[in-house]
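Notes follow once the structure below has been shown.
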Amino acid sequence: MTRRAELRAVEFGAPVLLVALWWIVSEAAPRSLYFPPLRDIWAAFRANWLFAGVGTDVVPTLTGIGLGYAVSVVAGIAIGVALGSLPALHDFLHPLIDFCRSLPSSAAVPIFILLVGVGMEMKVAVVTFAALWTVILNTSEAVAGVDPVVTDTSRSYRIGRLDRLLFVTIPAASPQIVVGMRVALNQSIILIIVAEIMVSTHGIGFFLKNAQWHFDLTGMWSGLLLVGVVGYALSRLFLVFERRVLAWHRGLHGKAQP
Amino acid sequence: MSSAVDVDQKIVIDALAKNYHGHGGERRVLAGVELAVRDGEFLSIVGHSGAGKTTLLRCIAGLEPPSSGGVRFDGELVTGPPPNLALIFQDYGRSLFPWLRVLGNVTLPLRSAGTLTTRERRAAALDALAAVGLADAAAQYPWQLSGGMQQRVAIARATACRPQVLLMDEPFASVDAQTRADLEDLVLGIRRQFGMTVVLVTHDVDESVYMSDRVAVLGGTPTGVTQLIDVDLPPRRDQLTTKSLPLFIDLRTRVLRAVRALSAERKSGA
């Protein structure tokens, strides 16, 4: 077995074992309303998600995450760079941003429902509110902390404003920006499900609540499984992005050659 | 100082003082520094550690505003990093951008000039890399290279834009002795090739004598230029023959004595 295959085996070993155990125990155990056998959950999963409910529930959820997250990342990096480069602006706005970040985003959902209704706009607004502050704070901290030698170098070589932003400041800050983006992605996933559970007509969160209301516990479990799969897939996708963008950083610190 | 500009003088430092405001009040680093760098010469600035050599170089480079007095470059008062001047930092590991490949590091400053096309920038960068013997390393990242090679990339980056003046801040302080000697000769060769004015800050007395036409000794508290020593060695230098000339040994003794005297004076004074 190659080293790579070994790593794969270790990575997937525990989940596969756990699923196998779940399958066997839930088959053998007496039937319970609250804990249906995995065989039934899998049947429900196939019926609901392969691929009947994809258009009605999965797509709206992913669209909400995608749009809200994109807005947070673009606006967050722009605002963060501005705050990181202008200490006076940073000192002025930092308490406000820190306050918004500390606010549990779920508490803001009712306000967004009143402001923008219960449609896709609301989901995008909630995801943005959940993710934006983390991106801003990480970006501004990273930009303010750029090595003075790097700043001196770009000053003494008279590198233009736009070049400096694109080829010096943002790359120099990128390791910490990416950390913020990773946390923000998790927050986005959590908050869109919360928003959909609170009020919505489509989406995975809506499906979960609907299943609960109709006492469809097997359906609920299938929805839960889907949320897990979606979250895992998104974080794997992010890892691919991170490895690409920060290949130089891993190389610099001797972790791997790009 | 008269307003007339001596054409022979590339950089004129006039009554330069620099104070830092730190904990427990003001610290005077430089005071009354007077120094003129002639067009085309190689001038070294030596002094004991903490003498303010780097501060002086940063004032010349326009990275640090003087507290009083000033620096003139071609007669123009320096208020920020001037064009036609390139600075090589001591810490190549931090001054080369690790997210750009070697070629990207060398071309980036060329973009700011705005006069070259992408193809011309690439050609100029490859020329500069070839001049330091690193044409093959263009596609690599700086951190994939050895310390000496990284500093050669930094030299290529500085010379690619064909500056009239090259400033170097302890450029060879963090490489081994053999690499250091190679880099010294490389810089001398490049300077001969492009005919630029060089100001080198170093704490190494031998290096200052070996490389330069003149050596300025910094000392005192606060620091000023205490001695200017002409190095009238033959223009072509060689690590073996130059360094064994009686004149070389005599010169290095004079420079060393000047640095030592000031450093001893500082210790007894403090």
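The values are calculated or read from the model by the stated rules, or taken from the named source; none is laboratory data. Keep in mind the model is a prediction, meaning the values are calculated, not measured. Counting neighbours? That spans all protein chains shown, and the Cβs are built from the backbone with ideal geometry, glycine included. We work out accessible area using only protein heavy atoms, side chains counted, and drop any ligands, DNA or RNA first. Shrake-Rupley method; radii C 1.70, N 1.55, O 1.52, S 1.80 Å.
Annotations for the structure displayed:
- Chymotrypsin sites (Phe, Trp or Tyr not before Pro) within the stretch B:1-92: DSSP coil, no more than 13 neighbouring Cβ in 10 Å: none
- Across A:Phe238, A:Phe215, the residue with the most accessible area heads the list, and the full order at a 1.4 Å probe is A:Phe215, A:Phe238.
- Axial C-alpha extent at least 18 Å, average Kyte-Doolittle at least -0.5 - helices from chain B (DSSP): B:102-113, B:118-131, B:147-160, B:177-194, B:246-269
- Estimated inter-spin distance, A:Ala70 and B:Gln140, nm [label 7 Å along Cα→Cβ]: 4.1
- Taking all protein chains as they are arranged and a probe of 1.4 Å, the heavy atoms of A:Arg8 leave approximately 100 Å² accessible to solvent.
- Sequence of A:Glu141, A:Glu6, B:Glu34, B:Glu184 when ordered by accessible area, the most exposed leading, probe 1.4 angstrom: A:Glu141, B:Glu34, A:Glu6, B:Glu184
- Computed with a 1.4 Å probe on the full set of protein chains, the accessible area for A:Ser85 sits at about 70 Å².
- Span-rule helices in chain A, defined as complete DSSP H runs reaching 20 Å or more along the axis (Cα) with Kyte mean at least 1.0: A:59-85, A:120-144, A:170-198, A:217-245
- Model label sites at A:Ala14 and A:Glu27, defined 7 Å from Cα along the beta-carbon direction, differ in position by 2.5 nm.
- Rounded to the nearest 10 Å², the accessible area of B:Thr241 at probe 1.4 Å: 80
- Among residues other than A:Pro15 with Cβ under 14 Å from its Cβ, the summed charge is +1 (Lys and Arg +1, Asp and Glu -1).
- Surface share of carbon and sulfur [accessible, 1.4 angstrom probe, percent] for the stretch A:42-251: 71
- Contact order relative to length of the stretch B:1-149, as percent, for alpha carbon pairs under 8 angstrom and 6 or more apart: 19
- Solvent-accessible ranking of B:Thr107, A:Thr201, largest area first, probe 1.4 Å: A:Thr201, B:Thr107
- Legend: mean number of C-beta atoms from other chains within 10 angstrom of residue C-beta atoms, peptide B:95-106, equals 4.
- Inter-chain neighbour count for A:157-168: the average number of beta-carbon atoms from partner chains within 10 Å of each residue's beta-carbon is 5.
- Each Lys or Arg adds one and each Asp or Glu takes one away; over the other residues whose Cβ falls under 10 Å from the Cβ of B:Met211, this sums to -4.
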